[in-house]
Amino acid sequence: MATIRLPGLIDAHVHLREPGYTHKEDIHSGTCAALAGGVTTVLDMPNTEPPTSTPRRLREKVDLARAKSVCDVGLFVGATVADLDAYLPAATRACGLKIYVNETFGSLRIEELGLLHRLFRTWAARAMELDGWRPAASPATSLGPIAVHAEDLMVPVCLSLSQLYNVPLHIVHVSRRSEIELIRAAKGRGLAVTCEATPHHLFLSEEAYKGGGNRFDMRPKLAAPDDVAALWENLDVIDIFATDHAPHTLSEKGMAEEPAASSEQATMPGVPGVETMLPLLLTAVDAGRLELDDLLLRCVENPRRIYALPKQPQTWIEVDVDAVHTLSDEMTRARCGWTPFAGAQVKGRLEKVVLRGETVFDGEQVLAAPGSGRVLFQDGVQ
Ligand code: NCD
Ligand code: ZN
């Protein structure tokens with residue numbers, strides 16, 4: 001047995017589902033799952049109900065997180081067609097602006113060029129007010145990046161808006177060869193773009209969906225084996241590994257035994273993941289597909305830099321890197337109670353998580369009290 005100590009991980013893309021969908025997850029259950037995955041900071045997405053698209057809703061979410069979280073939480077604001085610029089007064093209290101340019105779960109969607117144009121222009125103008133002029137491609141402003149769910153042709157649209165307005169762009173869950181190769185070219189030209197990939201797009205392909213059905217349905221959909229290969233070939237272009245932890249119940253996915261769902265029924269895209277990223281990546285390290293430093297760069301250093309997250313003093317995780325175990329639905333602490341990686345044999349077991357000097361997870365139990373996590377970017381706000 002070899003136990004190593006690593007920094008607490010940052011998962012820059014999770015859906016804690018509160019308010020509105022607490023039958024899937026809430027801030028307490030989702031942050032407990034994070035600790036059990038070695039994650040001590042999560043960035044929460046705005047597609048809750050109601051969405052985090054106004055200063056009041058952000059404040060309400062901050063209050064909920066202050067009462068319930070067991071790890072540190074940063075919150076995104078999101079643009080909706082109805083509240084287009086309403087988030088703006090709260091922009092500095094969020095880790096960034098999330099724009100859903102393509103179809104997915106929830107009501108947030110901006111797919112019209114004129115509206116996208118306006119959002120990039122407005123964000124750039126606010127950044128200029130706060131920070132003054134910045135050279136092109138300089139990272140994090142006081143506002144953080146615009147993070148986009150942009151697939152396929154929407155990738156060049158967002159790249160071009162980012163370049164026109166000199167706004168740092170972060171492209172979430174990249175899944176296809178065409179997208180990662182375009183991002184490589186854009187980086188080569190000095191554009192201020194970063195991107196992330198999820199464990200499910202790195203370790204699963206459309207074959208899993210063909211064999212296993214809606215358990216493996218998410219946006220972007222699982223891609224062809226050649227797309228998966230492209231992510232690995234272009235690992236140097238991927239700045240962040242983040243899970244897109246997107247819990248739905250098995251019955252919402254039409255996968256529960258009772259009641260049986262009809263095959264035509266539309267089901268909810270998204271899979272949980274915050275608990276399984278660390279063992280999956282450590283297994284890739286063990287197999288020689290990754291270096292441990294590649295993991296730490298993408299799960300700690302880069303997300304911290306891209307979103308200007310504070311350091312967590314006296315914070316670390318302890319992992320037995322030799323322990324082999326099998327991931328299962330039963331092990332999961334996420335409220336939805338399942339994982340798309342059930343049955344996968346992994347190497348590396350989390351034994352302990354220490355946050356600011358306190359043991360918050362002992363390998364079995366979450367020991368932290370609700371509300372012991374911090375909500376980021378709220379300095380001076382009561
Ligand atoms: C996410 C969700 O369920 O909130 N679903 C998904 O398939 N990834 C939304 C998203 O990130 O697109
Ligand atoms: Zn997501």
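The values are calculated or read from the model by the stated rules, or taken from the named source; none is laboratory data. Quantities reported herein were computed from a predicted structural model and do not represent experimental measurements. As a convention, Cβ positions derive from the backbone with ideal geometry for all residues, glycine included, and neighbour counts pool all protein chains shown.
Restricting the search to helices (runs of 4 or more DSSP H) fully inside the range 276-345 and requiring at least 1 residues that are within 25 Å of A94 (Cα to Cα) and touching a Ser or Thr at 6+ places or on another chain (Cβ under 8 Å) gives 277-286, 302-306. Whether a residue is buried (at least 24 other Cβ atoms within 10 Å of the Cβ) and within 16 Å of ligand 2 (Cβ to nearest atom) was assessed, and V70 does not pass this test.
Could you say whether any residue in the range 247-263 is within 12 Å of ligand 2 (Cβ to nearest atom), on the phi > 0 side of the Ramachandran plot, at pLDDT 95 or above and touching a strand residue (DSSP E or B) at 6+ places or on another chain (Cβ under 9 Å)? No - not one qualifying residue is present in the range 247-263. Are any of the residues in the range 175-192 under 16 Å from I99 (Cα atoms), surrounded by 19 or more Cβ atoms within 10 Å (Cβ to Cβ) and in contact with a Leu (Cβ under 8 Å, 6 or more places away or on another chain)? Looking through the range 175-192, none of the residues is under 16 Å from I99 (Cα atoms), surrounded by 19 or more Cβ atoms within 10 Å (Cβ to Cβ) and in contact with a Leu (Cβ under 8 Å, 6 or more places away or on another chain).
For the range 1-44, filtered to residues that are touching a Pro at 6+ places or on another chain (Cβ under 6 Å) and outside any helix (DSSP H, G or I), the residue that is farthest from K352 (Cα to Cα) is K24. Residues satisfying the criterion are absent from the range 154-166 (criterion: under 21 Å from the mean Cα position of the chain (by Cα), over 30 Å from D379 (Cα atoms) and in contact (Cβ under 8 Å) with a residue 60 or more places away in the chain).
Does H149 fit the bill of being closer than 30 Å to Y87 by Cβ, in contact (Cβ under 8 Å) with a residue 60 or more places away in the chain, in contact with a Cys (Cβ under 9 Å, 6 or more places away or on another chain) and within 16 Å of ligand 1 (Cβ to nearest atom)? Judged against the criteria, H149 is not a match. When residues in the range 267-280 are screened for being in contact with a Pro (Cβ under 7 Å, 6 or more places away or on another chain) and either more than 16 Å from ligand 1 (Cβ to nearest atom) or over 25 Å from N47 (Cβ atoms) (or both), 1 of them pass. Comparison of A223, A242, A208 shows that the only residue that is over 23 Å from P46 (Cα atoms) and either in contact with a His (Cβ under 7 Å, 6 or more places away or on another chain) or within 16 Å of ligand 2 (Cβ to nearest atom) (or both) is A223.
When every residue of the range 297-311 is checked against the conditions, at least one turns out to be among the basic types (K, R), closer than 28 Å to E103 by Cβ and more than 16 Å from ligand 2 (Cβ to nearest atom). Looking at the range 292-338, which of the residues that are crowded, with 17+ Cβ neighbours inside 10 Å and of a type in the set (S, T, Y) is nearest to L143 (Cα to Cα)? Once the filter is applied, the top-ranked residue is Y307.
Determine which member of the set L143, L153 is more than 16 Å from ligand 2 (Cβ to nearest atom) and surrounded by 19 or more Cβ atoms within 10 Å (Cβ to Cβ).
The match here is L143.
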